[in-house]
Amino acid sequence: MNTDYDITEQFIILRTSCTHDEEAEEFMGVLKQYMGEEKRNEKMFTNQVNEDLYLRMYTVDDAEALYHLIDESRDYLKEWLAWVDYNTDVEASRDFIQGTLNGVVETGGYPKTLAIIYKNELAGTVGFNEVNRTHQYATIGYWLSEKFQRKGIVTEACRGIIDLGFKVMRLNRIEIRVASGNKKSRAIPERLGFKEEGVLRQVELVNGQFYDHVVYCMLKDEWSGKKDKQVD
Ligand SMILES: CC(C)(COP(=O)(O)OP(=O)(O)OC[C@H]1O[C@@H](n2cnc3c(N)ncnc32)[C@H](O)[C@@H]1OP(=O)(O)O)[C@@H](O)C(=O)NCCC(=O)NCCS
C-alpha cells in the first residue's frame, strides 16, 4: 500500500485552506467546475490503494456507469440497502453524484464519498456516511457490485479511506455499523481489526423490516499502532 504519500498529496490539495465553512463553500465552487464541464483532472482526487485499485471522487460523467452498475446488482444490493429502490434512472445517479459535493462542506473540505475503481472499472462506493467534526468521529459505509465480490476490494478500499480519515481529516474515531445478519459486511471491520462495541436495536428499516446494527469501532491510536506493527 502506498496510501500515505498519495492521500497526503492529493487530499491536501483538495483541503487547501478550508478551515471555515465559508471557505469550504467557496472551494465547492471550484469543485463544481471540476464535477461539471471544465477542469476535469481525475488524478487530482485520486488515492491509489494498490496496483489494481484506486479511490476517486465521482464526476457527473460517471452517472450512467453508476446507474448501470447498481441496476445490474439491484436484487443483490437491495437486500441490505434501503436507497436502492430510489435509484430508478440515470438522473437519480446524477443527483446522487451532485449531492456528494455537499459532503465536501460537511467534512470541512475533504471528499466524503468516493468511487471504487478496480482495474479501471467502476466497482462500487465507499464513503463517510456521517462526519462529526466537533467530536472528530465518522461512520463508514460501502457497497460493491455483485460481479466484483470476493476479491478483497472493499476491505482494501476501507484501508484507504480509514487512512484518509485518521491522517488527513484528523478523525479520532471511525465506526462501521452493520446489520447483524449481514455476515459479508461484518467480516470487513472484523478483518480490519475493529472492536465490536455493541448493538443498536432496530435502528434501520429495509424492505419493511427493522434491523439491529452491530457497531464496530477503530480509534486513531489503535490504527497507527496496527500500522507500526505491520510488516510489508
Ligand atoms: C458487504 C460487501 C461490500 C462485501 O463484499 P466482499 O466482496 O465480501 O468484500 P471484500 O471486497 O472485502 O472481499 C472479501 C472477500 O474476498 C476474499 N478475498 C480475496 N482476496 C482478498 C484480500 N486480498 N483481502 C481480503 N479479502 C480477500 C475474502 O476471503 C472474502 O471472501 P469470502 O467472503 O469468500 O471469505 C458486499 O457484499 C456488498 O456490497 N453487499 C451489499 C451492500 C452491503 O451490504 N453494504 C454494506 C452495508 S453495511
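The values are calculated or read from the model by the stated rules, or taken from the named source; none is laboratory data. No experiment lies behind these values; they were computed from the predicted model shown. FYI the Cβ positions are ideal-geometry reconstructions off the backbone, even for glycines, and counts take in every protein chain you see.
A count restricted to segment 132-161 and to residues that are under 20 Å from E51 (Cα atoms) and either under 14 Å from the mean Cα position of the chain (by Cα) or away from the ligand (no atom under 13 Å from the Cβ) (or both) stands at 10. Contact map, segment 182-208: residues that are more than 20 Å from K78 (Cβ to Cβ) and aromatic (F, W, Y) paired with residues that are at pLDDT 95 or above and within 12 Å of the ligand (Cβ to nearest atom), Cβ distance under 6 Å, separation 6+ or inter-chain. Pairs shown: F194/Y216. Scanning segment 72-110 for residues that are β-branched (V, I, T) and either in contact (Cβ under 8 Å) with a residue 24 or more places away in the chain or on the phi > 0 side of the Ramachandran plot (or both) yields V90, I97, T100, V104, V105, T107.
If only residues of segment 162-184 that are modelled with pLDDT of 95 or more, among the basic types (K, R) and crowded, with 17+ Cβ neighbours inside 10 Å are counted, the one that is nearest to the ligand (Cβ to nearest atom) is R177. Taking Y211, is it outside any loop (DSSP other than H, G, I, E, B) and either at pLDDT below 95 or over 23 Å from N47 (Cβ atoms) (or both)? Answer is yes for this residue.
When I153, I140, I116 are checked against the criterion of being within 18 Å of Y58 (Cα to Cα) and without any contact (Cβ under 8 Å) to a residue 60 or more places away in the chain, I140 stands alone in meeting it. In the set (1) within 13 Å of the ligand (Cβ to nearest atom); (2) modelled with pLDDT of 95 or more; (3) not aliphatic (A, V, I, L, M), the condition left unmet by N129 is number (2).
Checked against the criterion of being within 30 Å of K119 (Cα to Cα), aliphatic (A, V, I, L, M), out of contact with any Leu (no Cβ under 6 Å at 6 or more places or on another chain) and surrounded by fewer than 18 Cβ atoms within 10 Å (Cβ to Cβ), segment 187-196 has at least one qualifying residue.
When you look at Y211, is it of a type in the set (S, T, Y) and over 15 Å from T139 (Cα atoms), yes or no? Yes, satisfied. Residues in segment 185-205 that are within 10 Å of the ligand (Cβ to nearest atom) and outside any loop (DSSP other than H, G, I, E, B) were compared, and the one that is farthest from the chain's Cα centre (by Cα) is E204.
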